[in-house]
Structure formats: C-alpha cells, structure tokens
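Read through the structure below, which is laid out as structure tokens, and then see the notes.
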Ligand code: HEM
C-alpha cells in the first residue's frame, strides 16, 4: 500500500524562492559534501576535482524542483544505482547536511519546502537502491 502522505503535493503556493538562493544552496552544500570523510570521496573519485558540471546540473535540478522550470532532464535513479559504493546509511548523512545548508540559505518557510522535497526524493532514491517490498527508508 502506497504511503498516502507521500502522495500529497508539497504546499508551496505562498512561498517565493529566490533562484540566487538556490545557487548558493547548491554551492554551499557541495562545498560541505566535498570535505565530508564518507560522502566527499564518492564525488571526488568521479569528478576529478572539477565540480562545475555537477554544480551546474544540480542548479538545474533544484530550480526544476522548487521553481518548476523544467530545465533538468536526467535520471537520478539511474545515476545513483550506478554508484557501487553507496550505502543505505549515506542518505541520512546527506539529508542532515542538506537541511543544515538550506536553513542557512533560505528563509524558514522556503527551507521547510526544500527539505520536504529533499526528503521525499531521498526516500524514493533509497527505495530504488536498497528497498525491498518489506522495507521502509530509515529516515
Ligand atoms: C546518499 C547520498 C547521495 C550520494 C552519495 C549521491 C551521490 C551522487 C553522485 C556521485 C552523483 C554523480 C555525480 C557526477 O557524476 O558528477 C549524483 C548525481 C545526482 N544526485 Fe546524488 N547522491 C546522493 C543523494 C541524492 C539526493 C537525496 C538527491 C536529490 C534530492 C540527489 C540528486 C542527484 C541528482 C539530480 C544527480 C544528477 C543525476 C544526473 O546525472 O542527471 N542525490 N549523486
């Protein structure tokens, strides 16, 4: 049975999100990720110290999620299934760092919306990578 809560749209009607704040969120978040002992190497072994293509893609992604611009064309499930060293517990670390960064970059109402999307997408990616019909994401 699907999680009904997860199917409700995120209530966003009154909240304005500044695209420049999305740029800052992406830049600050991946600066933190880069120096994280567990998550940093997952990226640095792939991007050979050139973060720009990933940052540019993630700005398109987050503008598409938060501002509905439709600029991002890609497949996050496929990208994450290809990360052989990804562990189930990595998602909670990712989310905690995301929430910390979004509260620095956005006013509280916008941060709450960004966090809700991040958690939903993280759950969906976790299910793709680690789920079985009997498991729920541990976050
Ligand atoms: C467990 C934590 C996570 C790790 C370690 C991780 C790692 C990665 C890596 C290594 C890439 C490929 C980067 C590259 O090749 O340049 C990637 C791509 C991406 N990630 Fe994650 N990720 C995580 C969670 C998430 C979450 C929760 C989201 C969304 C809320 C997300 C969104 C994306 C997107 C949109 C891409 C680009 C996919 C494409 O190529 O179109 N990631 N991630």
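The values are calculated or read from the model by the stated rules, or taken from the named source; none is laboratory data. It should be emphasised that the depicted structure is a prediction, and the values quoted were computed from it without experimental measurement. Ideal geometry is used to build each Cβ from the backbone, glycine not excepted, and the neighbour counts take in all protein chains shown.
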Residue 51 fails exactly one of (1) surrounded by 15 or more Cβ atoms within 10 Å (Cβ to Cβ); (2) more than 11 Å from the ligand (Cβ to nearest atom), namely (2)
Scanning segment 117-135 for residues that are touching a residue at least 40 places away in the same chain (Cβ under 8 Å) and either outside any helix (DSSP H, G or I) or within 17 Å of residue 19 (Cα to Cα) (or both) gives 117
In segment 1-43, anything modelled with pLDDT of 95 or more, loosely packed, with under 15 Cβ neighbours inside 10 Å and closer than 30 Å to residue 134 by Cα is listed as 38
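May I ask you to verify whether residue 57 is out of contact with any helix residue (DSSP H, G or I) (no Cβ under 9 Å at 6 or more places or on another chain), closer than 19 Å to residue 17 by Cβ and near the ligand (Cβ under 10 Å from one of its atoms)?
yes
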Subset of segment 67-92, residues within 11 Å of the ligand (Cβ to nearest atom) and surrounded by 15 or more Cβ atoms within 10 Å (Cβ to Cβ), comes to 72, 80, 86, 90, 91
In segment 101-116, anything assigned to a helix (DSSP H, G or I) and surrounded by 15 or more Cβ atoms within 10 Å (Cβ to Cβ) is listed as 101, 102, 103, 105, 110, 111, 112, 113, 114, 115
What about residue 97, is it touching a helix residue (DSSP H, G or I) at 6+ places or on another chain (Cβ under 9 Å), more than 9 Å from the ligand (Cβ to nearest atom), modelled with pLDDT of 95 or more and assigned to a helix (DSSP H, G or I)? yes
